[in-house]
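A short write-up of the structure that comes next.
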Amino acid sequence: MTEQLDAGMVAEQIADADALSSPRRGGELGRGRRRKEDAKLLTGQTNWTDNIVLPGLLHMSVLRSPMAHAKILSVDVSGALEMPGVIAAYSGADLAEVQGSLPCAWPVTPDMVHPDHHPLAVDEVRYVGDGVAVVVARDRYASADALEAIVVEYDELPVVLDMESAISDGTPLVHEDKGTNTCFVWPFAGGEDYDATKAKADVVVKRRFRQQRLLPAAMEPRAVVVAPIAAADDYTVYSATQIPHILRVMLALVTGIPEHRIRVIAPDVGGGFGSKLNVYAEEVLALVVAKKLGRPVKWTESRSEGFQATIHGRDQIQDVEICATQDGKVLGLKVDLLADMGAYLQLVTPGVPILGAFMFPAIYKMDAYSFTCTGVFTNKTPTDAYRGAGRPEATYAIERIMDELAHELGRDPMDLRRQNWIKHEEFPFETVCGLTYDSGNYEAATEKAEAMFGMAALRAEQKARRESRDPIQLGIGISTFTEMCGLAPSRVLGSLSYGAGGWEAAQIRMLPTGKVEVVSGATPHGQGHHTSWSQIVADALGVPFEDVECVTGDTDSSPKGMDTYGSRSLVVGGVAIHRAAAKVIEKARRVAAHLLEAAEGDVEFRSGTFSVKGSPEAKTTIQEVALATFAAHNLPEGMEPTIDADCVYDPENFSFPHGTHLCAVEVDTETGFTKIRKYVCVDDVGKVVNPVIVEGQVHGGLTQGIAQALYEEAIHDAAGNLVTGTMADYLLPTAADLPHFDTGRTETASTTNPLGVKGVGEAGTIASTPAVINAVVDALRPFGVNNIDMPATPERVWRLVQSGGSR
Amino acid sequence: MTRVSMNVDGVVYEDEVESRTLLIHHLRERLGRVGTPIGCDTSNCGACTVLISGESVKSCSVFAVQADGEQITTIQGLADGQGVNGEAVGQWHPVQRAFQQHHGLQCGYCTPGMVLAAVDLLARNASPTEDEVRHGLEGNLCRCTGYQNIVKAVLSAASELRGEGPLPGSFQDSADLTGVGA
Ligand code: FES
Ligand code: FES
């Protein structure tokens, strides 16, 4: 069911995206509440992990390999131990007994090659940045100084950096003992046989797309502090992590310290984008070193250290083939992926491309789909989830190839999409991959986006510039995307061999003074969870927004959770809270009925008040019920004195946000410089809780997607050094590099959860990259260009113009 | 070791420092003024921005000894009126207010630097265009917001500082909503 925002309001939104914050219904949902999080962040009273200081705190520094592949012949830490302020220093061999091996929770195939991954390398280093030794000293400067006094002898080994050489014969092996650089081969097919379908096609279009390596670069560097109570064998781990709950389990499994002896706290966390969805070497090292020394230990990465030692994103080669009839009906899609794992497997490294596997067919109907992914080891930093994780890659491939097919057929790219996409009336729709899309309205989002964009005028200008051979060419790019969010139904994760479930936990506690505490297992790191949770609870219980307090990010006080990633917080965690609230109301209704001396079935609940049907003066508020329950003097026979409630919610399906993004670029064919002239997006993320927060998520997502298209690339030299190893070299976009975004929304409620929500954290990133590149390629069509590698730097564009499209 | 004295958010601190100690490390590790964070090691991100005698400076790009005798304002001292430790207890600066009203922050890690860079920008240009704001903040990276709402916030604060009142905010206070949609 699509709830079109009314016509007048749509017009207003086109003029001013702010109109989105207008409330559409009563109550808290859909209201643009100011964030509860902001006060401390705006006044510098934030509790970042690196701010934590404890009595006797020691600083840990990690010595890292300067070589991409080498045998370790010896590590001598004795020089470091003589430096002032140094308390201890350890090599990998020193910690071999206690450091364990870092976990990978996603063995995608039974025969997946899963090498050991020691927090400190013991015999061999396999990428530049692999840890070799640690120093612990009284302060940051002393521990950093002491690294220079450690002597390591290496015997250099040949390196393999690109995936195609890595899987060819006679190549150096990243893990000699494994006998191969192939980590896994994961085939998948849906619908009819692809080759038989292709035989019926009139047109076949093939392209090779490269997803360059990216650095997630959350603004807060990673950091960890471990506070031991040695005598009790008890450990508190503060970490700048997205996943305190998962981290606790994993630290127990890796170190052998019993799970109930470890408490993990994610204090205020400054962005993650997937890079803090992991279990890192330094978290384990700080824990085992703190245990050894019986003193608190802190490690904070420097930015250039983090660029080597924090996971990288993307890095795939995609061979994509689409086949269709002459009149434009898509018949089938074939995708062959090479996915770079890097040197080791981190928490979900192999699962990232698999998450994308189901998203290549996207919004289009087709008869046949064939997919194969080969995971490949190289001597580089491990890859893992980066905002979108698999889905941006898939969306890029399908939205790019749809444009190429349109070009091949001489069709308007939007017309071709419209012909092939799932019609609004066809929902729910089972895709060729076997996913059931519950709801969507691609027509509505597209219509609105085209109106906001002014498509006709831009096409006319493009034509004029082409005809006059203007050095500045205009290009128009489309991305009609969908994504799969709300990770995830546990049974689906199980069928994909993931090691855990996808539920989320919530608890609502009614305090005697009428205030409400919400405990959630979804851990925030900038999204504004506490504001959104407060709105959901205020709406459900009819209590003031200000009276709701949220408890998150600490395995003691929010003990159960699956944490934050995959646009899941609202869709899974928010729904868990909503359900817990419903349970509170049911318990409270029983107490209210007792107090009002009415039958439970006669007691209605509205806006925070229980009243008796037919006698409106007989009423009591939920706060009064909370106090009466606390006092417990007069409760229904046999009732426990509490109206608090828990919910652990496991979603029955993914959610499928979608939208239409349109981008106009001006490409200077003489300098190769691309400027985004206009960017319009209409996202359909279902119902929204806080439209301003939603819009902010879209802005940030767009920026990261645009950055992949135009600016960012992690580049290694032939020896495996990260050339873009500092913020001076890796081109993160600034305010001056980006356009103003015109954002809009349509609302097609999700039908698989009671809030009708779909998730928004990754939408912008997933949608924007192909919109921008389609626009660049469109601008360059007259020059014979039909593909460009990302990022579309001035040099790449200029070379393509000069060479008439051959790369 | 060199003896330095500096006024940070209204409190004078005297310390012995190593000549190599960066101002940001001095603020954070010696003085415990941890409101100002560190985002890089190449002076690119601007997270560490503070005001030295009213001018925005990346505090990772100067040594503590260079700040001897200076008046330093961090995000913790920007609001009017200060508590015992110089903590902001009073009225927020218009730029702080505008950041909240226009959702100019998400994780907030870039925010201290962004706010102080904006304060300096507005001190030098009371009526910046959108483009001037975008270029003026080029030295401050944000990974969350896409900058659009930061730019809006700075333009709004500019308007307020000129006495023309803030631009209409993105968020609506409950007060704004009285009677709406009930
Ligand atoms: S920490 Fe100073 S500019 Fe990044
Ligand atoms: S708000 Fe997160 S980096 Fe700017």
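Things worth noting here:
- Protein accessible area in chain A, 1.4 Å probe - carbon and sulfur %: 51 percent
- Note that the stretch A:22-132 shows a convex hull volume over its alpha carbon atoms of 269 Å³ per residue.
- When DSSP beta bridges are restricted to pairs lying wholly in the protein assembly as shown, around 80% turn out antiparallel.
- Shape annotation for chain B: C-alpha extents along the principal axes are 64, 35, 28 Å, from largest to smallest.
- For A:His312, the residues whose modelled amide H falls within less than 5 Å of its own, excluding neighbours fewer than 5 places apart on the same chain, are A:Thr383, A:Asp384.
- Peptides A:61-69, A:486-494 ordered by average Cβ neighbours within 10 Å, highest first: A:61-69, A:486-494
- Both numbers refer to the Cα atoms of the stretch A:490-649; Rg and Dmax are 17.1, 57 Å.
- Couplings for the stretch A:220-231, taken from phi via the Karplus curve 6.51 cos²θ - 1.76 cosθ + 1.60 with θ = phi - 60°, read 7, x, 5, 7, 8, 10, 10, 10, x, 10, 4, 4 Hz in order; Gly and Pro are left as x.
- Diffusion constant of the stretch B:86-161 at 37 °C, which comes from Stokes-Einstein with the Kirkwood Cα-pair radius and 0.692 mPa s, µm²/s: 269 µm²/s
- Take each residue of peptide B:38-48, count the partner chain Cβ atoms within 10 Å of its Cβ, and average: the result is 6.
- Averaged over A:214-224, number of beta-carbon atoms from partner chains that fall within 10 Å: 4
- From helices alone, chain A scores -8500 deg cm²/dmol at 222 nm; the rule is -39500 (n - 2.57) for each run of n ≥ 4 DSSP H residues, then divide by the residue total.
- Under-5 Å amide H pairs with A:Arg34, H placed in peptide plane, nonlocal only: B:Gln172
- Max mean-square fluctuation residue, GNM over chain B, Cα-Cα springs under 10 Å, options B:Cys110, B:Cys40, B:Cys60: B:Cys40
- Derived scalar couplings ³J(HN,Hα) [the stretch A:402-410; Karplus, 6.51 cos²θ - 1.76 cosθ + 1.60; whole Hz; x for Gly, Pro]: 5, 5, 5, 5, 4, 4, 4, 8, x
- Most fluctuating residue given options B:Ile24, B:Ile75, B:Ile52, as computed from a GNM of chain B linking Cα atoms under 10 Å: B:Ile52
- Scaled radius of gyration (Cα, divided by 2.2 N^0.38 Å) that the stretch A:155-257 gives: 1.82
- Links that overshoot a 30 Å alpha carbon limit, given the list A:Lys583/A:Lys619; A:Lys365/A:Lys675; A:Lys298/A:Lys515: A:Lys365/A:Lys675; A:Lys298/A:Lys515
- Most positive-pole-ward Cα, A:Ala397, A:Thr241, B:Thr49, against dipole of the protein assembly as shown from beta carbon charges: A:Ala397
- Buried surface between chains B and A: roughly 5300 Å² of accessible area, summed over both sides, computed with a 1.4 Å probe on protein heavy atoms only.
- Over the Cα atoms of the protein assembly as shown, the radius of gyration divided by the Kirkwood radius equals 0.96; this is the Rg/Rh ratio.
- Where N is the number of residues in the stretch B:14-58, Cα Rg divided by 2.2 N^0.38 Å: 1.15
- Other-chain or far-sequence residues with amide H under 5 Å of A:Thr523's (modelled H): A:Asp563, A:Thr564
- Considering only B:Gln66, B:Gln101, B:Gln76, the Gaussian network model of chain B with Cα springs below 10 Å gives its largest mean-square fluctuation to B:Gln66.
- Considering only A:Ala626, A:Ala779, A:Gly388, and ranking their Cα positions along the charge dipole of chain A that arises from unit charges at the beta-carbon of Lys, Arg, Asp and Glu, the one farthest toward the positive end is A:Ala626.
- Across all directions, the shadow cast by the convex hull of the stretch B:2-77 built on its C-alpha atoms averages 4.2 square nanometres.
- Across the stretch A:522-527, rounded Karplus estimates of 3J(HN,Hα) from the backbone phi angles (6.51 cos²θ - 1.76 cosθ + 1.60, θ = phi - 60°) give 7, 9, x, 8, x, 7 Hz, Gly and Pro being marked x.
- Ligands, DNA and RNA are left out, and with a 1.4 angstrom probe the accessible area of the protein assembly as shown is 33 Å² per residue.
- Convex hull projection area averaged over all views, the stretch A:720-798, Cα basis, nm²: 9.5 nm²
- Two numbers describe the Cα atoms of the stretch A:459-514: Rg and Dmax, which are 26.1, 75 Å.
The values are calculated or read from the model by the stated rules, or taken from the named source; none is laboratory data. These numbers were taken from a predicted model, which means no experiment stands behind them. Here Cβ is always computed from backbone atoms with ideal geometry, including for glycine, and neighbour counts include all displayed protein chains. With ligands, DNA and RNA removed, areas are computed over all heavy atoms of the protein, side chains included. Shrake-Rupley method; radii C 1.70, N 1.55, O 1.52, S 1.80 Å.
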